[in-house]
Every structure is written in C-alpha cells, then in structure tokens.
Amino acid sequence: MLVRKLRLQRGWSQSQLAEMAGVTTRTIQRIEQGNKPSLETSKALAAVFEVEFSRSEERRVGKECRSRWS
C-alpha cells in the first residue's frame, strides 16, 4: 500500500505516523491493510507526507464516504 511505502521510506513507525497525522495507530494499520481512509484522514496523511491532495481525489474519497454511510 502507498501509505506503508511512504512511511517506510521515511523510517517511521506506525505509531509515529499516527501521532503526526492525529489519528490512532489502529487507523494506520487498517489503511495499510487496504481499508479506505476517511476524507479527513486522507488530508492529514497528505499533509504529513507533504503530497498534494487533489480536488478529484477529494471528491472521490468524499463520494465513497457518503455512499458508505448512506
């Protein structure tokens, strides 16, 4: 998974990444196992990894979240 790859490239533990992103370690574990992150978690991870979170990605994640809870 991309999050795992980026995390390992930086030499961070799951706990370190979770703390920097303001989420739980369990959330990072779930994402690395293939679960889709929420919109807010996606934005937080993008900020931590210093990558752009595009408008199209924001719409896609938002749509998935809405359909999951509808």
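The values are calculated or read from the model by the stated rules, or taken from the named source; none is laboratory data. Since this is a predicted model, take the numbers as computed values, not measurements. Please note: Cβ atoms are built from the backbone with ideal geometry, for glycine as well, and neighbour counts cover all protein chains shown.
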* Could you please find all residues in region 1-36 being of a type in the set (Ser, Thr, Tyr) and buried (at least 16 other Cβ atoms within 10 Å of the Cβ)? => Thr27
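Among the residues of region 1-45, how many are aliphatic (A, V, I, L, M) and not in a helix (DSSP H, G or I)?
Going residue by residue through region 1-45, those that are aliphatic (A, V, I, L, M) are 1-3, 6, 8, 17-18, 20-21, 23, 28, 31, 39, 44-45.
When the remaining residues are screened for being not in a helix (DSSP H, G or I), the result is 1, 23.
So the count comes out to 2.
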* To do: Among the candidates Val48, Val61, single out the residue that is assigned to a helix (DSSP H, G or I) and either among the acidic types (Asp, Glu) or at pLDDT 95 or above (or both).
  => Val48
